[in-house]
């Protein structure tokens, strides 16, 4: 036998086990997203493509939710590890995936709304320095002066520009609109983002978590730039989100490298074990937790890392804003909870004071900024940041009560936030643009009582008024924090809730007790694609405020991370 053969060492490498049943919710979402890309490439008819993409998106998300419920029923409280530890299917992961899928389905339905953004063919003809555009002409058609150029038809339109690659306000963009083009690729983009959100909170190692972060972020960067109205503001929002998101992703990746240097592993539970038994390098581990947490705090929108939130929420198409304010926040908190509770609980004496400071700063500064806003959409954006502070109160409480209260809070806020942004979209000015100015909403509640009552209920929930889900959410979070002695967080949270009630009530007072302007906005009746999700969001807000126990029990049973 040769010396080479004698010295050869055979290495046995076991192939990773793939549990298709427990991965099925994510596989369905990603599979439907890929199918949507094929539909976009192969189906030439615009109307058929719109119906197909919308049907695929809603059907895929609802099917994935059904499989999530099936996995939860089969497993109960038994966690599972798959993909060689890259994916963890435990109680918190399944709970958050279910919430993400429900609010994502509502957001995708909202994306398909085509009654709110109706445009007039003649208005498009008279735009772009008086250019007259031939009926049926695509972006390459000639500008002519035929008899059809004076058409007064009202064209249905969604919230997205008909041609995202064109210069805002250009003749090419107007030609695309006149040709009734639709940006139907928003549906597979949204599904890819949702798939990344589902994986984000179920990641078993930091590398998988980084991949999930990029998968959910990149489609959102694109979606933020595709607003039909105020295109420049939309593109500015997308650029800000992209640049700041790139920095945050780089910081997260640096933290991942330091975690590997400290422990020799990227697995969250192995990092946690090394930190707990003292075999990890303390300095490197501390740098790792700081940098990884900073990357995640950017995604949840905490102060000072959430400076992008008001500009992006205001500039993005409202369906995309609704998706980010609900599903993205739920996913980001799922990842943050897993990092803090699984990988770095042994360093809690080091990171807890910093996160206390961030939670307090988030609640205080976001509340103060919200008070000064005169634009309701921007006010809701700052409100979203303040709610991040309230959720952090529970997230940094390293108990099962802290986890369950955070899960309940995220659910209550996600449905209310989606409904509020969707309801905001039905109020339009004479040009068909969303009207979010506070003074423009004066008298709206008396002219359109249903819109006024629904928005008032959601705002009262954000303020934490009893008999709403917001009150129960804040109560359980503060109770979990108080049980661990974090009374400073509780006191600041209660005071900020009291201050926040001012700007929420200000909108209610404007709607019901102030005279309407001469150019009062219109309320456009949406299709069931929008009205049904709004009704569901409002119903969840009311039901959880009166009968919260079933969801509280479900959150309590799903509060144990696999460590």
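The values are calculated or read from the model by the stated rules, or taken from the named source; none is laboratory data. Being a predicted model, the structure only gives us computed values, none of them experimental. Quick reminder, even Gly has a Cβ in these numbers, built from the backbone with ideal geometry, and neighbours come from all protein chains shown.
A few remarks follow.
- Checked against (1) surrounded by 24 or more Cβ atoms within 10 Å (Cβ to Cβ); (2) outside any helix (DSSP H, G or I), residue 409 passes all but a single condition, namely (2).
- For the stretch 523-561, a tally of residues being assigned to a helix (DSSP H, G or I) and over 27 Å from residue 465 (Cα atoms) returns 2.
- Residue match in the stretch 341-352 (condition: assigned by TED's automatic domain parsing to the domain that holds residue 204, more than 17 Å from residue 259 (Cα to Cα) and surrounded by fewer than 24 Cβ atoms within 10 Å (Cβ to Cβ)): yes
- Tallying residues that are farther than 24 Å from residue 271 by Cα and without any contact (Cβ under 8 Å) to a residue 60 or more places away in the chain within the stretch 77-101 yields 1.
- Boolean, residue 505 is part of a helix (DSSP H, G or I), touching a helix residue (DSSP H, G or I) at 6+ places or on another chain (Cβ under 8 Å) and surrounded by fewer than 21 Cβ atoms within 10 Å (Cβ to Cβ): yes
- Matching option when the condition is more than 24 Å from the chain's Cα centre (by Cα), at pLDDT 90 or above, over 23 Å from residue 524 (Cα atoms) and surrounded by fewer than 17 Cβ atoms within 10 Å (Cβ to Cβ), among 74, 69: 74
- Residue within the stretch 554-562 that is surrounded by fewer than 17 Cβ atoms within 10 Å (Cβ to Cβ), modelled with pLDDT under 95, in contact with a helix residue (DSSP H, G or I) (Cβ under 9 Å, 6 or more places away or on another chain) and more than 29 Å from residue 366 (Cβ to Cβ) present: yes
- Here the condition is being more than 20 Å from residue 409 (Cα to Cα), modelled with pLDDT of 95 or more and either crowded, with 23+ Cβ neighbours inside 10 Å or not assigned by TED's automatic domain parsing to the domain that holds residue 159 (or both); of 288, 280, it holds for 288 alone.
- Enumeration of residues in the stretch 164-176 that are under 25 Å from residue 108 (Cβ atoms), surrounded by fewer than 23 Cβ atoms within 10 Å (Cβ to Cβ) and free of Cβ contacts under 8 Å to residues at least 60 places away in the same chain: 165, 166
- In the condition set (1) in contact with a helix residue (DSSP H, G or I) (Cβ under 7 Å, 6 or more places away or on another chain); (2) at pLDDT below 90; (3) more than 23 Å from residue 377 (Cα to Cα), residue 161 is compliant with all but (3).
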